[in-house]
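Everything on this sheet refers to the single structure shown next.
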Amino acid sequence: MTHSKTRNKKIQEKVLKEIQLNNISTLQTLKFQNPLFHWSSISYEQTGDTALHIAARLGYLTTIDYLLTEYSPCLVNIKNRDDKTPLHEAAQFTQLHSVKKLCSYGADVNALRRGDWTPLMLACTKIQAEVSLSIVQSLVVEGAEINYPNKDGWTCVHILARERGLDILDYLIEKELIVDLKTRNGRTALHITALHGNKQILCRLLKYLDVNSKDGCGNTPLHEALLGQHLDLARILVENKADIHLTNNSGLSVLHLVAIQDKIEVIEYVLNELNFDVNYCGNKNGWTAAHCAARKGSKEVFEYLIMRGADINLKDNFGRTATEYFNLLH
């Protein structure tokens, strides 16, 4: 590396380090020495983050002002290697004042990170008390698209179903959030919140969504709640008329699904409260819960099912008993 390149690299490293410390003196010196210098020419090699990305992420308002007023052109929508703008950074790191400041300079509230994530969507991934709601409100006021789907079909409603944020959900519903949109694999927000155990969100979504909706795999929200081992949510779904006998595309019932897991408490719920026969089949492969547990290799579940009366000599449609499957793995 030539002396000139080495010197330039050291200057860039110093500038970025100083920005992290909210010190713009080095930038001011560079600008004074070279009026044609622009901060956008300096960025982290790996991430592409510029001084503005850093300032937005850390909430350095004075630095944001300096970068966007003292240099021309005003590159408020500059992107890093992930196509994230400074507004993406401010929204993701819950920097309310950075969000407002960048918007005042004309930041694009619907800019796309890698083609499919808006600042509003990133804001919905970071739930921090009132500040997150304020950020969402600020973005919506500036024209953020609340129903934009990413490449997987996820919108803000699906993100909030996973991350919580009931106050944000209620606000966006008031602003015409489409609650019943499905992801590309057919999942509603009810499926997602059931899997992740978000009780408040689930109770709210039950007002709008079909409790027995099936996703692309044929799973219902009840299936998801049990797969997530959230018995409190499963009980709420059943109280709201979830059909306990629906099977997924593989012919697996709730009993089959819980038998695949290593959680006796969940199996007890299905057997005791949903009143399933431990030898219930209803599966296109002729599997019982014991077959499923044996194929998974769960010794504890297999023995528990036997204790509950499972007939381990029943043969599936391939002529194998649960014991045979179990012995293959032990």
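The values are calculated or read from the model by the stated rules, or taken from the named source; none is laboratory data. Note that the coordinates shown come from a computational prediction; the quantities given were computed from them, not determined experimentally. Reconstructed Cβ throughout: ideal geometry from the backbone, glycine too, with neighbour counts over all protein chains shown. Ligands, DNA and RNA are excluded from the accessible area calculation, which covers all protein heavy atoms including side chains. Shrake-Rupley method; radii C 1.70, N 1.55, O 1.52, S 1.80 Å.
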* Structure fact -> Quick tally, 1.4 Å probe accessible area for Arg184, Arg308, sorted with the most first, runs Arg184, Arg308
* Asked: Of all accessible surface on segment 155-284 at a 1.4 Å probe, what whole percent is carbon and sulfur?
  -> 44 percent
* **Selected from Leu226, His196, Leu181, residue furthest toward positive end of dipole (segment 173-280; charges at beta carbon)** => Leu181
* Principal semi-axes in Å for segment 17-89 [√(5λ), Cα gyration tensor, largest first] -> 18, 13, 12
* Structure fact -> Using the Kirkwood radius over Cα pairs of the chain, the Stokes-Einstein translational diffusion coefficient at 37 °C and 0.692 mPa s, in µm²/s and rounded to a whole number, is 142 µm²/s
* Asked: Carbon and sulfur together cover what percent of the accessible area of segment 1-146 at a 1.4 Å probe radius?
  -> 49 percent
* Structure fact -> Among Ala310, Ala289, Ala90, the residue with the largest mean-square fluctuation in a Gaussian network model of the chain built from Cα contacts under 10 Å is Ala310
* Asked: Can you give the charge dipole size of the chain about its Cα centre, rounded to the nearest 20 debye, using +1 on the beta carbon of Lys and Arg and -1 on the beta carbon of Asp and Glu?
  -> 1140 debye
* Asked: In the full protein assembly as shown, how much of Asp277 is accessible to a 1.4 Å probe, in Å² to the nearest 10?
  -> 90 Å²
* Cross-link pairs Lys14/Lys79; Lys214/Lys284; Lys182/Lys241; Lys9/Lys126 - those with Cα-Cα distance over 27 Å -> Lys9/Lys126
* Once the other residues with Cβ under 12 Å from the Cβ of Ser138 are scored (Lys, Arg +1; Asp, Glu -1), what is the net sum? -> +1
* Asked: For Lys10 and Glu273 in the same chain, what is the full-extension length gain: residue separation times 0.36 nm, less their Cα-Cα distance, in nm?
  -> 87.9 nm
* List the trypsin sites (Lys or Arg not before Pro) within segment 112-183 that fall in a DSSP loop (any state other than H, G, I, E or B) and whose Cβ has at most 16 other Cβ atoms within 10 Å. => Arg114, Lys126, Lys151, Lys175
* Cubic angstrom per residue, convex hull over Cα atoms of segment 142-225 -> 80 Å³
* Can you work out the accessible area per residue across the chain, with the rest of the protein chains kept in place, probe 1.4 Å, in square angstrom? => 48 Å²
